[in-house]
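The structure appears below as structure tokens.
The values are calculated or read from the model by the stated rules, or taken from the named source; none is laboratory data. Being a predicted model, the structure only gives us computed values, none of them experimental. Backbone-built Cβ (ideal geometry, glycine too); neighbour counts: all protein chains shown.
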Amino acid sequence: MLRPETRNSAPRNERVHSFSTLSTYVSALCLSLALLGGCGYQFRVEGVGPTIGRAAATSSPTSPPPRLVVRTLENKTFEPNLEVRYTNYLRHEFSSSSGAQIVSDSEAADLVLSGQILSVSVPTLSFSQTTTLESRAEVFVMVQVEEIRTKRLVWAQTAKGASEFYVTSDLQFNRVLQNRALEQAGHFIAEDLASRFLLQLESGKLAKPAAHPASDNADTNIK
């Protein structure tokens, strides 16, 4: 017959043995991880991961940008030299943010941009009983892009730019303010057309032959 001390010590010995076994496993795991780290092994996840529906499309090599000629706009308004300034704005914006390479008429090109300054208006925004206080310069421009080789119209767009200015009692200074507003409206138009051209280019619509040109005739009023 076991004494009480012997019966009480048996569970204690089992707990000690279990703890010793667990400590041995933990030590062996830590040692294995240390050896793997010291040998240069690393665990990492690569690839795009799981997708739903279908596999992700692989990226295709980027094609060279289209070479674009920007011809001088035709001025249909009574504002002198507006076509020169607006054409320069278009060339600057298209060279920096349209995704196209701007070239001159004498160089080899893929596309040609031409267009017209359709109208200029200066409506009154606010006035008193005796004079105008504030006006707005509004300009409409229409451009189109054709393929040089096939003469096919691939894109057409109408854009509207507007800029406000205060009116003073000095008529000469008012003309300076109006000219600055016209210049600002031209910058807005050039930025808008360049960004729209980039969207068309990235969507592939300018690279695919189509029966009808890709056109978006929605006017854009930017202030």
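Condition first: under 21 Å from the mean Cα position of the chain (by Cα) and of a type in the set (A, V, I, L, M). Can you find one or more residues in segment 118-141 that meet it? Spell out the reasoning first.
Pass one, segment 118-141, residues under 21 Å from the mean Cα position of the chain (by Cα): none.
No, segment 118-141 contains no residue that is under 21 Å from the mean Cα position of the chain (by Cα) and of a type in the set (A, V, I, L, M).
Which residues, counting only those in segment 62-76, are in a loop (DSSP other than H, G, I, E, B) and touching a strand residue (DSSP E or B) at 6+ places or on another chain (Cβ under 7 Å)? Let's see the steps before the verdict.
Of the residues in segment 62-76, the ones in a loop (DSSP other than H, G, I, E, B) are 62-66, 71-73, 76.
Matches in segment 62-76: PRO65, PRO66, ARG71, LEU73, LYS76.
Tell me which residues, restricted to segment 92-143, are of a type in the set (Asp, Glu) and outside any loop (DSSP other than H, G, I, E, B).
Going residue by residue through segment 92-143, those that are of a type in the set (Asp, Glu) are 93, 105, 107, 110, 134, 138.
Within segment 92-143, GLU93, GLU134, GLU138 meet the criteria.
Scan segment 168-188 and report the pairs whose first residue is closer than 12 Å to ALA137 by Cα and whose second residue is of a type in the set (Lys, Arg), with Cβ atoms within less than 7 Å and a gap of 6+ or a chain change.
GLU183/ARG85; GLY186/ARG85
Considering each of SER195, SER163 in turn, give the residue that is modelled with pLDDT of 95 or more, outside any strand (DSSP E or B) and among the hydroxyl-bearing types (Ser, Thr, Tyr). Break it down into steps so the answer makes sense when it comes.
Details: SER163 fails: outside any strand (DSSP E or B).
Only one candidate passes the filter, namely SER195.
Does THR150 qualify as being modelled with pLDDT of 95 or more, part of a loop (DSSP other than H, G, I, E, B) and assigned by TED's automatic domain parsing to the domain that holds LEU199? Spell out the reasoning first.
Numbers: modelled with pLDDT of 95 or more: no; part of a loop (DSSP other than H, G, I, E, B): yes; assigned by TED's automatic domain parsing to the domain that holds LEU199: yes.
The answer is no for THR150.
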